Amino acid sequence: MLDWSSRHVLYPQGTSLRALMLSERDPRAYWNYLRIMQAVNLVAGPIGRRPPVRPVRPVRQHPDWSVSLGAAGTAPSMFPAKFSFDVNAAPDCANDYLVYAINASPSPTQANIVAFNNLYSGSGTPFCVGQLAPTVIWAYQVSNVALPTSPIISLDGTKVAFVDGASDAVFHVLNPSAGAVGGTVGAPLTPTAAQDITVTLTGATTDSLSPPFVDYYNDVAYVGSDSGHVFKITGVFKGTPALAGSPWPRTSGSAKLTAPVIDFSTGEIFLGSSDGNLYGYTRGGAEFYPLTIGNNTAFGGIVDAPVVDAVNGLLYVGTGDSAILATSAAISQVSTSSFTIVQTASIGKGAIAPIHAGAFNNAYFNSPMNGMTGTTEWFYYACGVTASPLSHPQLWQVSFDSTRLMNSSATALPGIGLSLHNGEVCSPLTEFQNGVDRLFLGLLTTQVVEFFDISTSTTPTLGAPGQVAEAGGTSGIIVDNVSMVNQASSIYFTTLASSANCGGNFCAVKLTQGGLQ
């Protein structure tokens, strides 16, 4: 939940021996372990005493803070990134920070990447005492183009990797401490060559769907491009970044690629394409045959990276126009070992809207068996479309059998039609367990953020106050902290339009998890 990648590589039943072994290869497995062990850590766990779950306070109809990012925010379906990575750790005003890549052309009056600390601030009695808003740590104008994808942070928090919007696209590793640190969104610094190490992705053209995916253990990153190229960059955070040689870059068709995602159980790399195909590679660069998921029409592509369950050898990918189920938007479950489709479920009418990544409920991670009660049954949630003749966004629930085989029939949740706007697009979904199992999403046409209580399977409910207005809807949403401290359990995103809350500019927004306070 702390950057885009931590919600795309999952380790259910994280206390299993296999998952713990995988944590030696991927720190996301350890982050997943911390999530699963929340119940233990709330009292005392192997990594020390943890704060109790924060009770939901009376709802306030305004954000904790909303600060200007200038002429744009994070691009649609992309995410900010947060350090530190432990959702159970005590909040830290000085060292916890957020990075926003801004999808605006930089200038002496417009940053395109900024970091904030003093996150746990706002009106009332915030944890960061005396702070009504976060503090800018650094703000830079990098290159001369917008940043259209999500950033990712090094394990020690000192560096940030991202890809810019140039043609050919350029991979950046920003190390603020290697030079002057400071600036503001409206008066950014220009990083020195020592601060901003760059690698041109030669032949990439642009990159609009693929943030970098970092293999921390091997210190390499993988990036897709809008021209179907897949790049490997070595020495990302611990060495000198450089393009890997033959057989990289590889070519996966000629359409826009999503971010690659590694299955650390097998070492295989998976990514989707706007042509509707799912592509796979070994880490050595050998390609699997593409697997057809969507039908390569206007909404028949794959627009988000697949979600990989590294423990159970499965991945999940959505499309707005399925090649398997005619006239349907759909979610497909794929075996990572055989690279075959295991099951496909319709999530409403096809050819209406793109389908962004969904999210599992807490039971999928925590419950070793698929139970028959509302608190232990496994579900995947996706924002699809209502059934014909309507074309409204709809929340769908996909269930599983005891072997984690996805059922072919998804359920349109009754009473939870998301809006009455035909063809409206949802943000990617974000789930988090903090006393209550919550599902967060933004609606772009309705211009709101909202959350659902999915603690019980049969009766998901729209949490009060239901919807909070956010200009243009929201970018991807990240979540931090299980904490009872004021304003320390939060969600973060940017608006997708200018807002009066930020002086007519785009906003970076923090809301508390409980009731979107």
Exercise. In segment 472-517, what count of residues is obtained for those that are hydroxyl-bearing (S, T, Y), surrounded by fewer than 24 Cβ atoms within 10 Å (Cβ to Cβ) and in a loop (DSSP other than H, G, I, E, B)?
Worked result: 1
For this session: Kindly indicate the residue of segment 400-433 that is under 22 Å from the mean Cα position of the chain (by Cα) and not in a loop (DSSP other than H, G, I, E, B) and also surrounded by the most Cβ atoms within 10 Å (Cβ to Cβ) among those meeting that condition.
Result: C426
For this session: Select from segment 192-205 the residues that are surrounded by fewer than 21 Cβ atoms within 10 Å (Cβ to Cβ) and either in contact with a Lys or Arg (Cβ under 9 Å, 6 or more places away or on another chain) or hydrophobic (A, V, I, L, M, F, W, C) (or both) and list them in ascending order.
Result: A193, A194, I197
Problem set entry | Residue ID - surrounded by the fewest Cβ atoms within 10 Å (Cβ to Cβ), chosen from residues in segment 137-186 that are more than 16 Å from K82 (Cα to Cα) and either touching a helix residue (DSSP H, G or I) at 6+ places or on another chain (Cβ under 7 Å) or of a type in the set (D, E) (or both) | D168
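Hey, any hits in segment 140-147 for a residue that's in a strand (DSSP E or B), without any contact (Cβ under 8 Å) to a residue 60 or more places away in the chain, in contact with a Gly (Cβ under 9 Å, 6 or more places away or on another chain) and under 22 Å from P241 (Cα atoms)? Talk me through it step by step, then tell me what you get.
Taking segment 140-147 and keeping what is in a strand (DSSP E or B), we get 140.
Imposing the further condition that a residue be without any contact (Cβ under 8 Å) to a residue 60 or more places away in the chain reduces the set to 140.
Of the ones still in play, those that are also in contact with a Gly (Cβ under 9 Å, 6 or more places away or on another chain) are 140.
Applying the additional criterion that residues be under 22 Å from P241 (Cα atoms) yields 140.
Yes - at least one qualifying residue is present in segment 140-147.
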Seminar exercise, completed: In segment 342-372, anything in contact with a helix residue (DSSP H, G or I) (Cβ under 9 Å, 6 or more places away or on another chain), in a loop (DSSP other than H, G, I, E, B) and crowded, with 17+ Cβ neighbours inside 10 Å is listed as A357, N370
Seminar exercise, completed: G284 vs (1) over 19 Å from V223 (Cα atoms); (2) out of contact with any strand residue (DSSP E or B) (no Cβ under 9 Å at 6 or more places or on another chain); (3) not hydrophobic (A, V, I, L, M, F, W, C): all pass except (1)
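Conditions tested, residue by residue: (1) among the hydrophobic types (A, V, I, L, M, F, W, C); (2) closer than 20 Å to V185 by Cβ; (3) buried (at least 22 other Cβ atoms within 10 Å of the Cβ); (4) at pLDDT 95 or above.
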position: V87; (1), (2), (3), (4): yes, no, yes, no
position: Y100; (1), (2), (3), (4): no, yes, yes, yes
position: P106; (1), (2), (3), (4): no, yes, yes, yes
position: A111; (1), (2), (3), (4): yes, yes, yes, yes
position: V114; (1), (2), (3), (4): yes, yes, yes, yes
position: N118; (1), (2), (3), (4): no, yes, yes, yes
position: G122; (1), (2), (3), (4): no, yes, yes, no
position: G130; (1), (2), (3), (4): no, no, no, no
position: T135; (1), (2), (3), (4): no, yes, no, yes
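The values are calculated or read from the model by the stated rules, or taken from the named source; none is laboratory data. Keep in mind that what you see is a predicted model, and the values were worked out from it rather than measured. Counting neighbours? That spans all protein chains shown, and the Cβs are built from the backbone with ideal geometry, glycine included.
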